[in-house]
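J.: Shown below is the structure under consideration.
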Amino acid sequence: MARGQDWINTTLPDELLLEIFRNLDSKSTRDATSLVCRRWLSLERFSRDTIRIGASGSPDALVDLLARRFPNVKNVYIDERLSVSLPVDFGRRRNASHSALSWLRLHFVSERSEPGASESDSYCISDAGLTAVADGFGKLEKLSLIWCSNATSAGLRSVAEKCRFLKSLDLQGCYVGDQGLVAIGKCCRQLEILNLRFCEGLTDAGLVELALGCGKTLKWLGVAACAKITDVSLEAVGSHCSSLETLSLDSEFVHNKGVLAVAKGCSHLKNLSLQCINVTDEALTAVGVFCLALESLALYSFQRFTDMSLCAIGKGCKKLKSLMLSDCYFLSDKGLEAVAAGCSELAHLEVNGCHNIGTYGLESIGRSCMRLTELALLYCQKVGDQALSEVGKGCKYLEALHLVDCSIIGDEAIYSIATGCRNLKRLHIRRCYEVGTRGIVAVGNNCKYLTDLSIRFCDRVGDEALVAIGEGCPYLRHLNVSGCHQIGDNGIIAIAKGCPQLSYLDVSVLQNLRDMALAEVGEGCPLLKDIVLSHCRQITDVGLAHLVRRCTVLESCHMVYCPGITSAGVATVVSSCTNMKKVLIEKAKVSERTQRRAGSVISYLCVDL
């Protein structure tokens, strides 16, 4: 082959190059590809189907530029909660291209901003920007406008009229009015997904008209904190949206009438999430009677329904796979027993703050729901060891267990889970003070596929537990032992020697941890990306130096309230880890030179109030 011969451009046709470009897996790769040569720059523009825009100067002009550059875009995500900043290389002067881009941004701001407009307005997309979206992206299928406060019905109307293939629309936090939603209903007859969270300008009139217009295709609807949307809207949804599969509803203004209408009219409903304080047993019983295809049910802060509702769900929703109960004070073991008896396909169960659900209800789950893969028990003070013993016996496929503030669950429960559920991959335990070394040793001896272990503020867990984990769990990637005061060097050294794939480590508030352990982590865990060392009083700059010498891919390091770490240690971390994105430290420990070199990645603990 002749030196310097361009075989790719002379051999591959445009169609094949475009297909290759479409299969590139990241934006950075696409950007780099477009800079190879003029032909690739010209062709790559046709392969882009997605753009994402954060808060930036003159977003209207930016959208206009992107629309001209990428004509085949189908997905546009604009999220004004996210800021967009340009990367700055450590210790290097900003180059000319950065200056040019800054000038370009300022140029557009000055060219397009109207007289009298506030500076903050120039950072928010307006109706002009939405018009540019409509004019430039005629093939648009997904549009997400997150907290775009300057967008109104006029801009949304432009999108509706020119983007008739639109299938997904997210208006979270946008103050659009009914007229915009009406236009979407009339023009976008293929709409399948609609999110209306925090859309304070909408009323029943807009949602009713949308249901009349494109209700036949609508499959996903989310409504939250929309004070003027009431049962009237849900009745329209129930009447015209027979294909609806997912409904997420958070409202103080919806009562039984609206939920009843949806239950009766949307027989294909598969996913239902409700946070409605005025809904009672009557509505949820109807869900159990009419929504026989229901697969996922989440109930939050219900204070007006009882076990009667769960009994109806258990009797009618035989396909239920996921159940989430949060702060449902009047539910008891009887309701959970009914679900266990009727919903044998249940795979995910979360019980959070339901104080009347205890051991017997969870025992029923263990005996009847053999396909359970994830169980979360949060603030369940009446659930004891026997409950998890039954789960360990009956739920062999369990992969994830989360326990928070379950005061009477101890080693016996964890031992039963470890010996019975050998496929366990994630174990999270926080403030369960009866759990100790014996339970975690059993996990290390039996659960070799464990990848994520978090045992926070469990005072009875010591080094012997982590030795067992290090010897028995070679695939461990995430470890959090924050506040486990009996853990010291021996436990962390065992992890370093036995878990080479570790990428996240939180050892905060370990008073007995010293530099020797940190040095071993550096030697044994080269893939480590995130480490939390805060409140480790015996860690010094020496340990940090050993850590970063081998952990070259480190991206974040939290080390506040570590008296042995000085400005020299901070400088070592910053200079050694070129991938670093965040360093959390006290301001007094950052020298002026370190601030100049890496100010963008340093975060300070807020103590000056």
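J.: Does the stretch 90-106 contain at least one residue that is at pLDDT 60 or above and either under 21 Å from residue 143 (Cβ atoms) or surrounded by 11 or more Cβ atoms within 10 Å (Cβ to Cβ) (or both)? Steps first, answer last, please.
T.: Kept after step one, since they are at pLDDT 60 or above, are these residues of the stretch 90-106: none.
No: zero hits.
J.: May I ask you to list the residues in the stretch 333-383 that are among the acidic types (Asp, Glu), open to solvent by 40 Å² or more (accessible area, probe 1.4 Å) and touching a helix residue (DSSP H, G or I) at 6+ places or on another chain (Cβ under 6 Å)?
T.: 337
J.: Sort through 556, 603, 591 and tell me the only one that's hydroxyl-bearing (Ser, Thr, Tyr) and in contact with a Ser or Thr (Cβ under 9 Å, 6 or more places away or on another chain).
T.: 591
J.: Turning to a different aspect of this structure: Within the stretch 583-609, restricting attention to residues that are in a loop (DSSP other than H, G, I, E, B) and modelled with pLDDT under 90, which residue is most open to solvent (accessible area, probe 1.4 Å)? Please lay out each step first, then the result.
T.: Applying the first criterion (in a loop (DSSP other than H, G, I, E, B)) to the stretch 583-609 yields 586, 590-591, 605-609.
Next, only the ones that are modelled with pLDDT under 90 stay: 605-609.
On the way: 605: 54, 606: 100, 607: 88, 608: 137, 609: 192 Å².
Filtering the stretch 583-609 for residues that are in a loop (DSSP other than H, G, I, E, B) and modelled with pLDDT under 90, the one most open to solvent (accessible area, probe 1.4 Å) comes out as 609.
J.: Quick check on this structure: which one of 25, 79 is among the acidic types (Asp, Glu) and touching a residue at least 40 places away in the same chain (Cβ under 8 Å)? Before the answer, list the steps.
T.: Details: 25 fails: touching a residue at least 40 places away in the same chain (Cβ under 8 Å).
Going through 25, 79 in turn, just one is among the acidic types (Asp, Glu) and touching a residue at least 40 places away in the same chain (Cβ under 8 Å): 79.
J.: Here's a follow-up. What number of residues within the stretch 273-288 satisfy the criterion of being part of a helix (DSSP H, G or I) and either surrounded by fewer than 19 Cβ atoms within 10 Å (Cβ to Cβ) or small (Gly, Ala, Ser) (or both)?
T.: 4
J.: In contact with a Gly (Cβ under 7 Å, 6 or more places away or on another chain) and of a type outside the set (Val, Ile, Thr) - does that describe any residue in the stretch 273-286? If you could, list the steps in order and put the result at the bottom.
T.: Initially, the stretch 273-286 is screened for residues in contact with a Gly (Cβ under 7 Å, 6 or more places away or on another chain), giving none.
No, there is no match, as no residue in the stretch 273-286 is in contact with a Gly (Cβ under 7 Å, 6 or more places away or on another chain) and of a type outside the set (Val, Ile, Thr).
J.: Kindly indicate whether any position in the stretch 28-35 is out of contact with any Leu (no Cβ under 8 Å at 6 or more places or on another chain), at pLDDT 85 or above and of a type in the set (A, V, I, L, M, F, W, C).
T.: Of the stretch 28-35, the ones out of contact with any Leu (no Cβ under 8 Å at 6 or more places or on another chain) are 28-29, 31-32.
Checking the rest, the ones that are also at pLDDT 85 or above come to none.
Scanning the stretch 28-35 turns up no residue that is out of contact with any Leu (no Cβ under 8 Å at 6 or more places or on another chain), at pLDDT 85 or above and of a type in the set (A, V, I, L, M, F, W, C).
J.: Continuing with the same structure: Kindly list the number of the only condition in (1) under 16 Å from residue 260 (Cα atoms); (2) assigned to a strand (DSSP E or B); (3) open to solvent by 10 Å² or more (accessible area, probe 1.4 Å) that fails for residue 324.
T.: Single failed check for residue 324: (1).
J.: Then there is this: For the stretch 107-129, does any single residue satisfy the condition of being among the β-branched types (Val, Ile, Thr), open to solvent by 30 Å² or more (accessible area, probe 1.4 Å) and either under 25 Å from residue 190 (Cα atoms) or at pLDDT 90 or above (or both)? Please lay out each step first, then the result.
T.: Pass one, the stretch 107-129, residues among the β-branched types (Val, Ile, Thr): 109, 125.
Filter once more, so that each one left must be open to solvent by 30 Å² or more (accessible area, probe 1.4 Å): 109.
Subsequent filtering for residues that are either under 25 Å from residue 190 (Cα atoms) or at pLDDT 90 or above (or both) retains none.
No.
J.: A further question on this structure: Do you know which residues across the stretch 267-308 are of a type in the set (Phe, Trp, Tyr) and farther than 19 Å from residue 241 by Cβ? It would help to see each step written out before you state the result.
T.: Going residue by residue through the stretch 267-308, those that are of a type in the set (Phe, Trp, Tyr) are 290, 300, 302, 305.
Once the filter is applied, which keeps residues that are of a type in the set (Phe, Trp, Tyr) and farther than 19 Å from residue 241 by Cβ, the stretch 267-308 yields 300, 302, 305.
J.: Within the stretch 297-310, which residues are more than 16 Å from residue 344 (Cβ to Cβ) and either open to solvent by 70 Å² or more (accessible area, probe 1.4 Å) or not in a loop (DSSP other than H, G, I, E, B) (or both)? Full working, then the answer.
T.: Residues of the stretch 297-310 that are more than 16 Å from residue 344 (Cβ to Cβ), as a first pass: 298-309.
Matches in the stretch 297-310: 298, 299, 300, 303, 304, 307, 308, 309.
J.: Do we have residue 49 as open to solvent by 30 Å² or more (accessible area, probe 1.4 Å), within 22 Å of residue 167 (Cα to Cα), at pLDDT 85 or above and out of contact with any His (no Cβ under 9 Å at 6 or more places or on another chain) here?
T.: Numbers: open to solvent by 30 Å² or more (accessible area, probe 1.4 Å): yes; within 22 Å of residue 167 (Cα to Cα): yes; at pLDDT 85 or above: yes; out of contact with any His (no Cβ under 9 Å at 6 or more places or on another chain): yes.
For residue 49, the condition - open to solvent by 30 Å² or more (accessible area, probe 1.4 Å), within 22 Å of residue 167 (Cα to Cα), at pLDDT 85 or above and out of contact with any His (no Cβ under 9 Å at 6 or more places or on another chain) - is met.
J.: Considering the stretch 448-469 alone, what residues qualify as being of a type outside the set (Phe, Trp, Tyr), surrounded by fewer than 24 Cβ atoms within 10 Å (Cβ to Cβ) and either assigned to a loop (DSSP other than H, G, I, E, B) or under 30 Å from the mean Cα position of the chain (by Cα) (or both)? Break it down into steps so the answer makes sense when it comes.
T.: First, the residues of the stretch 448-469 that are of a type outside the set (Phe, Trp, Tyr): 448, 450-456, 458-469.
Right, trim to surrounded by fewer than 24 Cβ atoms within 10 Å (Cβ to Cβ) and you get 448, 451-452, 454, 456, 459-460, 462-464, 467-468.
Passing the criteria: 448, 451, 452, 454, 456, 459, 462.
J.: Here is a follow-up. With part of a loop (DSSP other than H, G, I, E, B), of a type outside the set (Lys, Arg) and either closer than 20 Å to residue 354 by Cα or under 28 Å from the mean Cα position of the chain (by Cα) (or both) as the only criterion, which of 427, 372 stands out?
T.: Working: 427 fails: part of a loop (DSSP other than H, G, I, E, B).
One residue alone meets the criteria, 372.
J.: If I go through the stretch 244-260 residue by residue, how many of them are assigned to a loop (DSSP other than H, G, I, E, B) and under 27 Å from the mean Cα position of the chain (by Cα)? Outline the logic, then answer.
T.: Of the residues in the stretch 244-260, the ones assigned to a loop (DSSP other than H, G, I, E, B) are 244-245, 251-255.
Now narrow it down to the ones that are under 27 Å from the mean Cα position of the chain (by Cα): 244-245, 251-252.
Result for the stretch 244-260: 4.
J.: If you scan the stretch 25-41, which residues turn out to be surrounded by 12 or more Cβ atoms within 10 Å (Cβ to Cβ), over 31 Å from the mean Cα position of the chain (by Cα) and part of a helix (DSSP H, G or I)?
T.: Within the stretch 25-41, 39, 40, 41 meet the criteria.
J.: Determine whether residue 330 is farther than 23 Å from residue 382 by Cβ, open to solvent by 60 Å² or more (accessible area, probe 1.4 Å) and not polar (S, T, N, Q).
T.: Values: farther than 23 Å from residue 382 by Cβ: no; open to solvent by 60 Å² or more (accessible area, probe 1.4 Å): yes; not polar (S, T, N, Q): yes.
Considered against the rule, which asks whether it is farther than 23 Å from residue 382 by Cβ, open to solvent by 60 Å² or more (accessible area, probe 1.4 Å) and not polar (S, T, N, Q), residue 330 comes out as no.
J.: Return the residues of the stretch 36-56 that are more than 22 Å from residue 170 (Cα to Cα) and small (Gly, Ala, Ser); say none if nothing qualifies. Steps first, answer last, please.
T.: Just the residues of the stretch 36-56 that are more than 22 Å from residue 170 (Cα to Cα), to begin with: 36-47.
The answer is 42, 47.
The values are calculated or read from the model by the stated rules, or taken from the named source; none is laboratory data. Source: prediction; values computed, not measured. A quick note on method: Cβ atoms are made from the backbone with ideal geometry, for glycine too, and the neighbour counts reach across all protein chains shown. Note: accessible area is taken over every heavy atom of the protein model, side chains too, but ligands, DNA and RNA are not part of it. Shrake-Rupley method; radii C 1.70, N 1.55, O 1.52, S 1.80 Å.
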